[in-house]
1. Please go through segment 448-495 and pick out each residue that is crowded, with 22+ Cβ neighbours inside 10 Å and more than 25 Å from Gly420 (Cβ to Cβ).
2. Starting from segment 222-242, take each residue that is in the same structural domain as Gln132 (by TED's automatic domain parsing) and list its partners that are of a type in the set (A, V, I, L, M) and open to solvent by 40 Å² or more (accessible area, probe 1.4 Å), counting only C-beta distances under 6 angstrom and pairs at least six apart or across chains.
3. Output the residue which, of all residues in segment 294-319 that are within 13 Å of the ligand (Cβ to nearest atom) and out of contact with any Gly (no Cβ under 9 Å at 6 or more places or on another chain), is farthest from Ser240 (Cα to Cα).
4. Can you tell me which condition Glu409 does not meet? The list is (1) of a type outside the set (Gly, Ala, Ser); (2) surrounded by fewer than 21 Cβ atoms within 10 Å (Cβ to Cβ); (3) under 16 Å from Thr468 (Cα atoms), and all the others hold.
5. So Ile2 passes all but one of these: (1) open to solvent by 20 Å² or more (accessible area, probe 1.4 Å); (2) in a loop (DSSP other than H, G, I, E, B); (3) modelled with pLDDT of 95 or more. Which condition number does it fail?
6. For Tyr54, are the conditions met, namely being under 17 Å from Val315 (Cβ atoms), assigned by TED's automatic domain parsing to the domain that holds Glu326 and touching a strand residue (DSSP E or B) at 6+ places or on another chain (Cβ under 8 Å)?
7. Test Ser199 against the stated conditions and say whether it is of a type in the set (S, T, N, Q), away from the ligand (no atom under 14 Å from the Cβ) and part of a strand (DSSP E or B).
8. Output the qualifying pairs, or none if there are none: Cβ atoms under 7 angstrom, residues six or more apart or on different chains, first residue in segment 324-336 and in the same structural domain as Thr286 (by TED's automatic domain parsing) and on the phi < 0 side of the Ramachandran plot, second residue of a type in the set (Gly, Ala, Ser) and surrounded by 15 or more Cβ atoms within 10 Å (Cβ to Cβ).
Amino acid sequence: MISNILREARKYEEITGQLIPDTARPSFHLSSRVGWMNDPNGFSFYQGKYHLFYQYYPYESKWGPMHWGHAVSEDLLHWEYLPAAMAPDTLADKDGCFSGSAAALPDGRHLLMYTGVSAGSKRPDGTSDDAQTQCIAIGDGVDYEKYSGNPVLTGMDVPAGCSKADFRDPKLWRESDGTYRCVIGNRPADGSGQILYYSSKDGFHWIFESVLAENRNRFGLMWECPDFFELDGKHVLLTSPQDMLPSGFEYHNGNGTLCLIGDFDGKTFQEEYNQAIDYGIDFYATQTLLAPDGRRIMVAWMQNWDTLAIASLKVPWFGQMSVPRELSIRNGRLYQWPVRELDALRSGRVAYQSVDFEGELTLEGIKGRKVDVTITLRPGDEDNLYSKFAVWFGQDDTYHTAISFRPHESILKIDRKFSGSRRAIIHQRRCQVPPSGGNITFRMILDRFSVEVFVNHGEQTLSATMYTNPSADGFKFFAYGKVSMDIEKYDLDAERE
Ligand code: FRU
C-alpha cells in the first residue's frame, strides 16, 4: 500500500521532472530528479542493476522533509529515474526518512535500512527530544513497504549516556555466513562522534555489539554517514564529520570527510592512518558498495553544507552525486579512480605530447564541459624549476574555474571564484601533494556543472561544482617559468545513444 504522501510525491516528480531538459543537468552524474538532493542512500547491486537512492525533497530546491529518491543504472553512468521509494509517512519517520543503506535478502527482496526522524513535542523553553531511530522497508526494487515492526533500533539500543537524538545513517551489509552487520553514527557524552556496531541474523532483529570507533573530539564533532569495509587487507572506516577544525592542509571544509585505515578485531577498529577523502570544495556523505566483480565503489554527495549559498533556489533541481569511484589502498592511503565504465563514454580524442611553453597558451581542440582531460607536467628547464602552472577551464570572457600547481611548495589549488558565484563564501581549497620536482599528473572529469580532479593516479582528489552556463567551455594554460606538458582530452557523453 502506497501512502498518499508518497503517491503525491511520485505524481509531482513525474510531471515536474519532465520539464527539466537533459541538457540542463549533468550528463552522467546522477542529479535530483526535481528539487533537492543530498546524501547517496541504499547504493547497492540488486537484481542485475545498480540502485542509487538519495535524500530527496522534490517540492523545492532546498532541504525539507526527507523522502528517498531512486534511480537505477547498468553501468553507474546512465541513470534511469524510478519513482520515489519512500516518503515520511509513518509514526517513526513522520519528520523525515534520513540516510541509510540497502542489502538483498535471501528470498530475493530488497531491504532498506534508514533513520526515521520523529520530532518530540516542544517544551515551553523551545527544547524538545527529537528521536532518531532505525527503520526497515522491504521492496522489489521499485515499491517498498515499511516494516510493521519499525523502529528496529531506538535510543534504548545505544550505550548509556549516549545521544538518542543523534543516532543515524545505518550502513548495513551481509556477511558471508548470511548474517548482517551495520554501523551507525552516534554522539557520546563528550559531544563528539562515535560509530556503533550492530548485528542481526535476519536483517530485521538487531543487537548492539560494540562501540566500533570513537572520535574523542579529534576529527570534528558528530560523525555522519559511516561506512565500514575490508579493502586490500586492511579495514576502512569512512565517515563525514560535522564541524571540523582545519589541521595543516587537511580538513578545511567545516563539514568534511574522513577516511581511517586500520585493523578490526571483530569488535573495535584500531586506526593507523587518517586522511580527508576529498580535498576539493564539494564532497560529503560517502557511501560504497561491493560490485559483483569485487570492486569497492564509492559515491558521495558532490556538495557541501557550508557552501550552499552559492546556488539559487530558483533552479529546478539541486544536488548531484560524484562520479562513482573505484577504491584501493596503497601505502596506507586511500586511492580513488573513476569507474572503468567511464572509458566507454569517451570519444573525440585530442592529444599533444611535450608541449614546451612559458606564458599563456590555448590548444586547438582542447575545450568542452563534458570532458575527460589528463595533464602531465614536467619542468621545461631542469635548472630553473617553473614557479607555477595553471589551467583555466569552463572559461569564457567572464568566467573560469582554475587548477593551479606550485611545484616549490607542492601545492595544488582549485579556485572557483570566477565560476559564477555572487556570494562571499569560500571558493578555493589547497591541497599538499608529495614533492615531485615539478612532475605531476592529474585527470579532470568535467560534466557540465562540476569538476573532479584525480591527482597522481588517484592518491588525492578534489571535487567542486560549477554554476556557469556550459557555453563557457574554453581551456587556457599558464606557465610561470618553462613547463613541458602532455595533454590528452576525450569528450564524455552519456546522451549519445
Ligand atoms: C548528512 C545528513 C545525514 C542525515 C541526512 C539528512 O548530510 O545530515 O546525517 O541522515 O543528511 O538529510
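The values are calculated or read from the model by the stated rules, or taken from the named source; none is laboratory data. None of these values were measured; they are calculated from a predicted model. In this analysis, Cβ positions are derived from the backbone assuming ideal geometry, glycine residues included, and neighbour counts consider all displayed protein chains. When the accessible area is computed, the model is the full protein with side chains, heavy atoms only, and any ligands, DNA or RNA have been set aside. Shrake-Rupley method; radii C 1.70, N 1.55, O 1.52, S 1.80 Å.
1. Gln460, Ala479, Val483
2. Matching pairs, first to second residue: Gln242/Leu221.
3. Filtering first and then ranking leaves Leu308.
4. Exception for Glu409: condition (3).
5. (3)
6. Details: under 17 Å from Val315 (Cβ atoms): yes; assigned by TED's automatic domain parsing to the domain that holds Glu326: yes; touching a strand residue (DSSP E or B) at 6+ places or on another chain (Cβ under 8 Å): yes.
Against the criterion (under 17 Å from Val315 (Cβ atoms), assigned by TED's automatic domain parsing to the domain that holds Glu326 and touching a strand residue (DSSP E or B) at 6+ places or on another chain (Cβ under 8 Å)), Tyr54 qualifies.
7. Working: of a type in the set (S, T, N, Q): yes; away from the ligand (no atom under 14 Å from the Cβ): yes; part of a strand (DSSP E or B): yes.
Yes.
8. Tyr335/Ser328; Tyr335/Gly458; Gln336/Gly458
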